[in-house]
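Structure first, commentary second.
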Amino acid sequence: MASTTTAGVHRRPVPRVVTVLALCVFVLGTSEFVLTGLLPEVAADLGVDIPAAGYLISGFAVGMVVGAPAAAVATLRLPRRTTLVAMLLAVAVLHVVGALCTGYPLLMAVRVLTAVATGGFWAVAAVVTVSSVGPGDRARALSRLLAGVTVSNVVGIPLGTVLGQQFGWRATFWAIASLALLGVAGVGALVSRSGGGEPPRRLSAELVAFRRLRLWVALGTTALYQAGMIAMLAYLAALLVFVAGLAPGWVPVVQFGAGLGSIGGILLGGRLADRHPWPTLFGALCGAATLLALLGTTATLPGAAPAIAVGLGFVAFVASAPLNARVFALAGAAPTLASATNTSAFNVGNALGPALGGLAIAGGLGLTAPPLVGAVLVVGAVVLALVSVRLDRRHGAP
C-alpha cells in the first residue's frame with residue numbers, strides 16, 4: 001500500500017487490521033503493567049515486600065526478552081494469523097492460572113510464561129502492521145499499534161487497579177483472561193482477510209540484518225530509554241502514596257492522567273517521526289531525562305509528583321514512534337526477528353528498570369531513588385542516539 005509523506009498529499013488511512021491488533025495490544029499492555037498499581041495489594045496477599053512484588057514486573061520483562069525471539073523463530077514458518085491466535089489463547093489460560101495460584105513462585109512462573117506469549121504476539125503484530133502500509137507511513141502505523149498501550153494506560157491499568165483494590169488483584173487477572181479471548185475472535189475475523197501474512201522467511205535470511213552495528217545501537221538506545229522510564233513507573237504507586245502523601249484511591253486518577261498524556265504523545269510522535277525522526281527522538285529523550293530528575297527531587301512538594309507523572313506519560317510515547325520505526329528501517333529482510341528483538345530490547349529495559357529501582361530502595365535510598373536512576377539511564381540513551389547519528393553519517397541513511 002503506497003503512501004507519501006509529501007506535504008499537501010493525502011495520506012491513506014491505516015488499515016483496519018492495525019486497529020484490531022491495537023485492541024489486542026491494549027489487553028497485553030494492561031496485563032504487563034497493571035501490577036504497577038497493585039504492588040501493595042499483591043505484596044500483602046502473598047506475604048512479600050514491595051521490592052519483591054516489583055520483581056514480578058521484572059520477571060515479565062525477562063520472559064519477553066527471551067520469549068519474543070524464541071517465539072519468532074519457533075513460529076517463523078507458521079501463518080501469522082495462527083501465531084497471533086495461539087499467543088492470545090496462551091495469555092488467557094495463563095491469567096486463569098495466575099488468578100488461582102496462591103504462592104509467589106508460581107505467580108512469577110505465570111508472569112514469565114505470559115510474557116513469552118506476549119512477546120510472540122508483539123513480534124508478529126508489528127510485522128503485520130508494517131507490511132500493511134508503505135515505508136513512508138511506518139511510524140504512523142506503528143504509532144496506531146502502540147496506541148493500544150496508551151489506551152491501556154488510560155483505561156486498562158487504572159480500571160484494573162480499581163478492580164484489584166475493590167475485589168482483589170485476582171479479579172483483574174480474570175478480567176484480562178476474558179478480554180484476551182475476545183481478542184482471539186477479533187484476530188480470527190480480520191487478520192485472515194488482511195493480506196498480512198507474507199510467505200515465511202528462512203532464519204538464515206532473517207539473521208543477516210543483525211550484522212549491522214547500527215541495528216544493535218538502535219536496540220541499545222531502546223533498552224536504556226525503556227529502563228529509565230520503567231524504573232520510575234514500577235514504583236510510582238508507592239511513591240505517590242508514601243512520599244507524595246496521596247490516598248491510594250488517587251493512584252488510578254494519576255495513572256489516568258498519565259495515560260491521557262500518553263495519547264497526546266503517541267499522536268504527536270506518530271505524526272512527526274516519519275518526517276523528522278531525529279528531532280522527535282532527541283526532544284523526547286531530553287524531556288524524559290529532565291522530568292525524571294524533577295520527579296526524584298520534588299516528589300514531596302504538593303502536586304508535583306502527579307503533574308510530572310502526566311508529563312512523563314506524554315514524552316514516553318513521543319519517543320516510541322521513532323524508536324520503533326528506526327529498527328524496522330534498519331531491519332531490511334529481517335522484519336520478524338528484528339521486530340521480536342526490538343520487543344526484547346524494550347523488555348530488557350522493563351527488566352532492568354524495576355530491578356535497579358528495587359536495589360536502590362533496598363539499599364536505603366528511598367522511594368525517590370528510582371526516578372533518579374531512570375534519569376541516568378535515559379541520559380545513556382541520549383548518548384547512544386548520538387552514536388547512531390554519527391554512524392548514519394558514516395554509512396548513509398538506513
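The values are calculated or read from the model by the stated rules, or taken from the named source; none is laboratory data. Not measured: the values here are computed from a predicted model. Heads up, the Cβs are rebuilt from the backbone with ideal geometry, glycines too, and the neighbour counts pull from every protein chain shown.
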Handout entry: Any chance A319 is at pLDDT below 80 and either surrounded by 24 or more Cβ atoms within 10 Å (Cβ to Cβ) or not in a helix (DSSP H, G or I) (or both)
Key = no
Problem - The listed residue being at positive phi and either hydroxyl-bearing (S, T, Y) or more than 17 Å from the chain's Cα centre (by Cα) (or both), out of G303, G296, G363, G380 - result: G303
Problem - Conditions (1) in contact with a helix residue (DSSP H, G or I) (Cβ under 9 Å, 6 or more places away or on another chain); (2) at pLDDT below 85; number of the one not met by V27 - result: (2)
Practice task
Filter the range 269-290 for residues that are part of a helix (DSSP H, G or I) and buried (at least 24 other Cβ atoms within 10 Å of the Cβ) and give the result.
Solution key: G269, G270, T280, L281, A284, L285, A288
Completion exercise
Of G313, G283, the only residue that is touching a helix residue (DSSP H, G or I) at 6+ places or on another chain (Cβ under 6 Å) and in contact (Cβ under 8 Å) with a residue 24 or more places away in the chain is G313
Fill in the blank from the handout: The one condition L367 fails out of (1) in a helix (DSSP H, G or I); (2) at pLDDT 85 or above is (1)
Practice task
Please tell me if F121 is farther than 19 Å from G160 by Cα, among the aromatic types (F, W, Y) and either out of contact with any Lys or Arg (no Cβ under 7 Å at 6 or more places or on another chain) or modelled with pLDDT of 85 or more (or both).
Solution key: yes
Fill in the blank from the handout: In the range 148-172, anything surrounded by 23 or more Cβ atoms within 10 Å (Cβ to Cβ) and under 22 Å from V85 (Cα atoms) is listed as G148, V149, S152, G156, T172
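Conditions (1) touching a Phe, Trp or Tyr at 6+ places or on another chain (Cβ under 8 Å); (2) charged (D, E, K, R), marked per residue:
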residue	(1), (2)
L28	yes, no
V34	no, no
L38	yes, no
D45	yes, yes
Y55	no, no
S58	no, no
V62	no, no
V65	no, no
Completion exercise
The correct count of residues that are crowded, with 24+ Cβ neighbours inside 10 Å and either touching a Lys or Arg at 6+ places or on another chain (Cβ under 6 Å) or among the aliphatic types (A, V, I, L, M) (or both) in the range 40-55 is 1
Exercise for the section: Give I308, I266 a once-over and let me know the one that is part of a helix (DSSP H, G or I) and over 17 Å from M232 (Cα atoms). Expected result: I266
Practice task
State yes or no: is A293 in contact (Cβ under 8 Å) with a residue 40 or more places away in the chain and farther than 19 Å from T368 by Cα?
Solution key: no
Exercise for the section: Would you check if A185 is touching a helix residue (DSSP H, G or I) at 6+ places or on another chain (Cβ under 9 Å) and either in a helix (DSSP H, G or I) or over 24 Å from A70 (Cα atoms) (or both)? Expected result: no
